[in-house]
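Below is one structure, written out as structure tokens, with a few remarks after it.
Every number here is computed from the coordinates shown, using simple stated rules; none is lab data. Note that the structure is a prediction, hence the values are computed from the model and not measured. Ideal geometry is used to build each Cβ from the backbone, glycine not excepted, and the neighbour counts take in all protein chains shown.
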Amino acid sequence: MSHVTDTTVASLSYFLIEADAFRGQQNATAHLFANGRQKSKVIITLQARNQYGEVVLLPVGSLEIIPYTTAPGGWVSGTQPPETGILPYDEGTVRSGKTSEKKHTDSTDYQTFVRYIHLDPSVAGRTVFKFAARIRVQSRVWTTNNLDVPYGGQGEGGRFNSSVQIEAVEPTQYRVGNGLVVSSPLVVFEGTSPEAQGRSARVENTYVSLQNPRTGKVVKIHSTEQPPIYQSSLHLNKATVIVPPNSTRATPAITGPLELVLAYSNLLVSIKHPRDAICIAVGMIAYFNEVVGPRQQRYTYGWDVYGNRFDLSVYLRSDDPNASDLAPWGYTLTVEGVPPRSFTSFVPSRAAPPLGNWLSQMRMRLGSPTGNLYPNLRQQVEVVVEIEPRTNQDVSQQELDSLCLLLRSDDGTYTALQCEDNGEAQWFYKTVRNAYSYYPGTSAAASEHAASEGAALAVYTRRFYVHSRALAGTNVTLWAGITRIQGGEEYFYVTDGSETNFDEHVDISTMPIPLFGLDDYSFERELVGGEGNSDLFIWEYVLGTWVALRAVEPTGFGMIQWAVRSPSDTRASHVGYAAPGQREVSYNPLIELGDDFRPVAQVSRIRPQSVVVVLQGGNNIPFHSQSSREQGGPRPLLFVDAYGNDHTLMIHYADTSASGSRSLRLSLATGTESRSATDDEV
């Protein structure tokens, strides 16, 4: 793009919106799972001109996705790409629609922008959305939803017509026979267990994989940096572990006498013959004097690579290990997919058989240190529900799936706690523990339950991780509910004391989110490269507070300031950041740095609990007026602490002078209070 003196946008000469999967096609329909995770990539190409007809640059922030005419709710657009590992919808060879005549836009005279659209789980399958683009520049507005002009990017008289059409696809509900593939057991170890006095031992692996129910094509499982850690299912002389695809190490969670714990843990800690599938390993030891107490677990794994969530229920039933010579190895392992369920209102069933005839125990407890949490949608309270059937009674998988947490209304009815966040619920739960720390402290209820946990080992255990957006100071009581199916009838029970010996609940409270002043933050700098008073330097500013920091919100933070705002100046300082625990430095992609300057790629060392703001000076950065004007700071930095609370601070250059670009200062996002860094090294 040639240099122009007047950068004011007077008109658009090209404006086109396209689905990335169908570029160059008109009226093609892209597909998108309505799961809130998968995203559809949209490409917008523009060309702007000034009053003299010269090509000029458009500002980025004023570009947005709009309905072409009207659109149902449940869609969100933005600049944030999908999380790592989540793939776009597999359109295969589908290329519906006719090719539109599109001017060649590989030239640098055209600007290309990317936006992403995702659909909430509330959107019904086969719902069709049609989107256009809109850009505002000062008082002027251009859109691509003008039906009366020809389709394409060139438009007519400064008016344009192009669109993206997306059809919602219902998320895959994986079950056996519907995309959930469970292998036959494979013997991967036969030998002896030194920890069990040389007794015979065996390990068998069962592998669980996914496939497209319609085409039979393999669907990969989304790998996570911190896969959930599960308890081991236990029964008689058998124990299980479950690990993600390709994992070679497991974390057995065995309870019982020390000799037994060591024997089974060593048998299962190393996964033999891992595959690109979830592996359930069953460890067995013959003729052990001790047997493990019965315990079953419901495992929630995560998502496929398209963002579709799936749960696995894994139930272990051992044969009597002393019945015969072959009996030590006999068992039944039942694996099934459990789709997420939502409930409306319930009342306990009238004239139902006593719950005590079926269950000997249905117990609730806090698994987290307290029942307190910050209402920031990230922090969790763990609620554990344990049930144990009476002798000669059992609990079916359908009955286990009905286990839920309940809120009681004023009229005495119960509403099941929402699974996953629908954007409105004051309280909801997830089935996976996240990376944020529990509220600090220890409640009497949690301590009492923890002390007695080993004495009352339930056969079936479910863990709920509760979140809230309710106002601070809100208190709720949660009960547990379960449905029994007997003789073709369904009976619903609640642990509210209406059934003798079944009075169980937990209390949860939202706490005020702390208010941080500027003095609560530290902002120390260290010179890690160059000379501090020269044009070439690298400062690392370590931003921390009294609680560990966990993440940085991806808002494109970064800024630049030239020593002199002049077309001939090449001296500038450039700012980026490294998130807590990360070595890689992220920068603002909207800043033009020229071809010669190389931003530092990594910080000198990882700070696990702090954000590192990098200030780098260079004398080979050509002056760029738009970057100087729009990305010169101050800039907000949004980050999250270990308890899931948000923080926003403004990062400034010291001032607008040449020397001011060599240092940074900190201020609150609201107010005028600010502070410069302190030097660890000058």
Checking rank on 373-384, 147-158, with mean other Cβ inside 10 Å and highest first, the result is 373-384, 147-158
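With r as the distance between the Cβ atoms of R565 and E524 and R0 = 30 Å, compute the FRET efficiency 1/(1 + (r/R0)^6) and round to 0.05.
With a Förster radius of 30 Å, E is 0.50.
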Taking R0 as 41 Å and r as the Cβ-Cβ distance between T192 and T84, the FRET efficiency 1/(1 + (r/R0)^6), rounded to the nearest 0.05, comes to 0.40
Protection proxy (average C-beta count within 10 Å per residue), highest first, orders 559-567, 404-412 as 559-567, 404-412
Given the candidates N35, G125, T143, the one whose Cα lies deepest towards the positive end of the charge dipole of segment 11-169, counting +1 at each Lys or Arg C-beta and -1 at each Asp or Glu C-beta, is T143
Quick calc, the chain, dipole around Cα centre from Cβ unit charges on Lys, Arg (+) and Asp, Glu (-), nearest 20 debye, gives 1280 debye
Going fewest to most other Cβ atoms within 10 Å around each Cβ, D595, D535 line up as D595, D535
Links exceeding 28 Å between C-alpha atoms in this model, out of K130/K430; K39/K272; K39/K220, come to K130/K430; K39/K272
For I66, other-chain or 5+-apart residues with amide H closer than 5 Å (H placed, Pro excluded) are A132, A133, R134
By the C-alpha gyration tensor axes a ≥ b ≥ c (rounded if a/c is under 1.5, else prolate when a/b exceeds b/c, else oblate), the shape of the chain is prolate
Heads up, segment 11-169 by the C-alpha gyration tensor (a ≥ b ≥ c square roots of eigenvalues; a/c under 1.5 rounded, else a/b over b/c prolate, else oblate) looks prolate
Here, N475 and N533, labelled 7 Å along Cα→Cβ, have an inter-label distance in nm of 6.3 nm
Two pseudo-spin positions, 7 Å from Cα along C-beta at L262 and at D596, lie apart in nanometres by 6.8 nm
Output ordering of 390-401, 169-180 (per-residue mean of other Cβ within 10 Å, highest first) is 169-180, 390-401
For segment 345-510, using Cα atoms only, the Rg and Dmax in Å read 15.8, 47
Subtracting the Cα-Cα distance of T251 and D20 from 0.36 nm times their residue separation yields 78.9 nm
